[in-house]
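Comments concern the structure below.
What follows is calculated from the coordinates using simple rules that are stated; it is not laboratory data. This is a predicted model, so every value here is computed, not measured. Counting neighbours? That spans all protein chains shown, and the Cβs are built from the backbone with ideal geometry, glycine included.
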Amino acid sequence: MNDITNILDNLLSQDTPYGLNAAQKALMFKPGLKALTRLHFDNCIGYHNIFAANGLDINDFTAQQTPALSVQLFKHNELVSVSKEQVIKTLTSSGTTSQQVAKILLDAPTSRYQTKVLVHILQSFLGKKRLPMLIIDHPNVIKDRQSFSARGAGIVGLSTFGRDHTYALDNNMAIDFAAIKGFIEKYPNQPILLFGFTFMVWQHFIEALNQSGETLDLAQAILLHSGGWKKLQRQALSNSDFKAALEQTTGITGVHNFYGMAEQVGSVLVECEQGYLHCSNFSDIHIQSSEDLSDAPPGQAGVVVIESLLPMSYPGHRLLTEDTATLIGEDDCQCGRLGKYILVHNRVARTQARGCSDVG
Ligand SMILES: [Zn+2]
């Protein structure tokens with residue numbers, strides 16, 4: 001455990017989460033991943049069984065021998081590497097392909113580092129000052145405990161980056177023009193933060209503005225949005241269409257989508273000014289070729305395997321997702337950030353995703 005927290009503290013002390021090139025990052029990321037693999041092998045029975053069931057060797061830390069656990073696994077099994085008494089928080093995620101809920105069990109150190117790393121990453125985009133914050137959702141999303149879903153939890157988590165939290169929608173999901181205009185008048189000519197889930201921002205904000213014929217002057221705002229494109233891709237909406245419509249209705253040009261999952265809270269990939277999602281020092285991505293399980297070369301789409309140095313209380317450090325993406329490059333994005341950068345496409349049919357899905 002000390003091995004991994006030492007590495008995390010070291011990475012958190014860097015000026016930026018995007019300052020290490022591939023060789024520099026490997027010096028810390030590889031030992032970190034190896035320490036987590038050993039930690040979970042020694043402390044999580046389900047994870048231990050995966051090695052035996054798949055004939056894997058715990059002393060061989062090549063990618064082929066370090067299982068990428070299917071996110072589905074967390075829906076069928078309680079995978080935990082700490083005692084029940086150490087669990088302080090349970091995150092749930094239903095995902096999109098099944099109604100079954102995944103349970104992610106967090107201990108205090110994991111939860112603490114999730115927050116620290118999210119702050120470290122997002123502050124590099126937003127600055128250190130808390131900005132006035134407009135939330136593209138309705139106030140009841142965090143009040144109604146019954147529907148206190150991933151959406152509610154996401155809003156509560158992101159709230160720490162803002163102040164004077166104001167909701168842009170009313171409880172009927174209509175735009176609350178009085179609230180937004182009051183907010184804009186209160187904070188003229190200064191940066192403000194907008195946050196919402198991608199689908200909510202599109203359907204209940206951008207499209208609703210279009211239909212109302214009204215525009216808002218939010219040119220000084222930065223929009224952070226997350227939550228997947230699945231519903232929007234059905235409408236054949238691209239990221240550039242989304243941005244163009246946003247700018248037309250609100251004047252906003254600072255837009256950052258971010259990609260993350262309940263199984264790896266904290267180590268999110270954030271969209272840069274060039275429109276690519278960047279791995280930070282705390283995460284890595286492998287694009288799994290559909291031919292075999294090797295890494296696909298840049299430019300070729302494949303299934304996303306995502307690695308994070310944060311999961312200490314459950315074996316979620318190397319996951320096979322249900323998303324497809326393309327690696328665009330590494331260490332040479334025009335935005336200046338180092339690390340791998342990718343484009344995420346969509347979710348794959350479950351049968352296409354191949355990985356260890358049998359705990360044994
Ligand atoms: Zn970039």
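Anything over 30 Å Cα to Cα? Flag those among 128/340; 34/340; 84/128, in the order listed.
From the list (128/340; 34/340; 84/128), the Cα-Cα distance tops 30 Å for 84/128.
So what's the gap between the Cα centers of the range 241-312 and the range 151-217, to the nearest angstrom?
One Cα centre to the other: 24 Å.
Once the Cβ-Cβ distance between residue 331 and residue 12 is put in as r, and R0 is 22 Å, what FRET efficiency do you end up with, to the nearest 0.05? If you can, show how the numbers build up before the last one.
Numbers: r = 21 Å, r/R0 = 0.95.
In this case the efficiency is close to 0.60.
From the phi of every residue in the range 254-270, what ³J(HN,Hα) in whole Hz does the Karplus formula 6.51 cos²θ - 1.76 cosθ + 1.60 yield, where θ is phi - 60° and glycine or proline is x?
Using θ = phi - 60°, the values come out as x, 10, 10, 6, 9, 10, x, 9, 4, 6, 9, 4, x, 8, 6, 9, 10 Hz.
Which percent, nearest 5, of DSSP beta bridges in the chain are antiparallel?
In the chain, DSSP labels about 60 percent of beta bridges as antiparallel.
Among 240, 111, 313, which one moves the most in a GNM of the chain with springs linking Cα atoms closer than 10 Å?
For the chain, modelled as a Gaussian network with Cα springs under 10 Å, the answer is 240.
For the chain, which DSSP H helices look membrane-span-like by this rule: Cα extent along the axis of 18 Å or more and mean Kyte-Doolittle of at least -1.0?
Helix filter hits for the chain: 22-43, 108-126.
Amide H of residue 167: which non-local residues (sequence gap of 5 or more, or other chain) have their own amide H closer than 5 Å, using H built in the peptide plane?
135
Could you derive backbone 3J(HN,Hα) for the range 333-338 from the dihedral phi with the Karplus parameters 6.51, -1.76 and 1.60 (θ = phi - 60°), listing whole Hz in sequence and x where the residue is Gly or Pro?
Each residue of the range 333-338 in turn: 5, 5, 6, x, 6, 8 Hz.
Ratio of alpha-carbon Rg to the 2.2 N^0.38 Å globular estimate for the chain, to two decimals, please.
0.99
Roughly what would the spin-label model give for residue 90 and residue 62, points 7 Å off Cα along C-beta, in nm?
4.0
How much mean residue ellipticity at 222 nm does the chain get from its helices, if each DSSP H run of length 4 or more adds -39500 (n - 2.57) and you divide by all residues, to the nearest 500 deg cm²/dmol?
-9000 deg cm²/dmol
Apply the Karplus curve 6.51 cos²θ - 1.76 cosθ + 1.60, θ = phi - 60°, to the phi angles in the range 287-295 and return the couplings in whole Hz, x for Gly and Pro.
So the J values, rounded to whole Hz, are 9, 7, 5, 6, 5, 9, 9, 6, 6.
Hand me the trypsin sites (Lys or Arg not before Pro) from the range 113-189 located in a DSSP loop with no more than 16 other Cβ atoms within 10 Å, in residue order please. Walk me through the numbers on the way to the answer.
Values: sites: 116, 128, 129, 130, 143, 145, 151, 163, 181, 186; in loops: 128, 129, 130, 143.
Listed in order of number, the matching sites are 128, 129, 130, 143.
Mean separation of Cα pairs under 8 Å and 6+ residues apart, divided by the residue count of the range 130-258: what relative contact order is that in percent?
25
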